1. Given N residues in the range 98-189, what is its alpha carbon radius of gyration divided by 2.2 N^0.38 Å?
2. Let me understand the range 84-144 better: what is its radius of gyration from the alpha carbons, and its Dmax, in angstrom?
3. Using just the C-alpha positions of the chain as equal point scatterers, what log10 of I(q)/I(0) does the Debye formula give at each q in 0.06, 0.12 1/Å?
4. What FRET efficiency do you get for ASP155 and THR213 if R0 is 45 Å and r is their Cβ-Cβ distance, rounded to the nearest 0.05?
5. How many nm is it between the label spots at SER271 and ASP84, if each spot is 7 Å from the Cα in line with the beta carbon?
6. Average projected area of the Cα convex hull of the range 1-92, in nm²?
7. When the gyration tensor of the range 190-264 is built from Cα positions, what are the square roots of 5 times its three eigenvalues, in whole Å, from largest to smallest?
8. Quick one: P(r) of the range 140-181 from all Cα-Cα pairs, 5 Å bins, percents rounded to integers, in order of increasing distance.
Amino acid sequence: MDLSGKTVATDELSSLVLTLYRAARELPLEEFQTAALTLIKPTLPFDSGWWGSGRLTASEIAIHAVHLHDKSPEFLTGYERVKDQDVAPSMLLTQGGGIYRFHMPTVYSDKKKSLEVRHFLKNNNIGNLLFCADFKPENGVTRFISLFRGKPDQDYSDRDQYLMQTLLPHLMEALTINRLIHLEHLNGGQRRFQLAIADKRGMLYHAESGFITMLREEFRSTITDRLPTSLIVGLDSTGRYDGKSLVIQCSRSADLLFLKARVRLPVDALSIREANIAKLLAQGLDYQKISQALNISPATVRSHIKNIYKKLNISNKAQLIVALGEA
């Protein structure tokens, strides 16, 4: 590959991509994006950046999830104050996803109108921007990577733009793979669950067909690209949603919700106290030891176990172990 007089050998690029996918499969979720950006930096130099996703409106990108690279958290606070002057959203709306170069002093040359944003750029050492994004106009969802160079004279070249055009699909696919591996790990290899990944505002990045089917049945909704608001509220308070027809468990990491859904079972009708007693009984504890562990009387334990067996329509400990194992 020869662009603007600088060559990137095909085998070098292939090696980079293979290393990227290997990192996606081997690295923990919280390490992958840093590793991926560090990996491409020798081939496509930059000083800092961010990698995120959100929903595009007529005037701005509402950020849903973000990973900062060599930027402090204060960067996001400053961006919120000037995001109405960000040129990227209008570019996406008019031209769609792609790779765009911006020389920031030129873009914000009107000092009177852009004083605040120029101050933001100076404080954050941003002289040039390579903005890389895909965009779904049907729902406004965008995934982006912004790479910053500090010095205004360090313009991004045609070579940089075309190189990132080659790398962007692989970066996004590798991120998806990394997240799915993390999700499968949480699932423990047990396929009784249907899996999904969403951000904290409910936008779905991945959802198995069975997960979507369960949502439609539970919430009587045809929406397939985001979680119902009532579900998000429930997960925010407990990390678990107990519905009429399904149960969803939620684990949080890197601004994302990793979701496991299954059909509601009789064991889900147990109270917290009953569930604790059932687990201790299944572990082999007798009435006396359970009463000591929970600081309640043996008679109370006996009463709870009677109710547990009735709710689960079972009659012995072996059946209890099976019932708990299904949840």
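Throughout, read-outs are computed from the coordinates displayed, never taken from laboratory work. Everything numeric here is computed off the predicted structure, so don't read it as measured data. All Cβ positions, glycine included, derive from the backbone under ideal geometry; neighbour counts span all protein chains shown.
1. 1.41
2. Just the Cα atoms of the range 84-144 yield Rg and Dmax of 12.7, 36 Å.
3. Taken in order of the listed q values, log10 I(q)/I(0) reads -0.32, -0.90.
4. After rounding, the FRET efficiency stands at 0.35.
5. Using points 7 Å along Cα→Cβ, the separation is 5.3 nm.
6. 7.7
7. 16, 13, 13
8. Distribution as computed: 5, 17, 20, 23, 16, 11, 6, 2, 0 percent.
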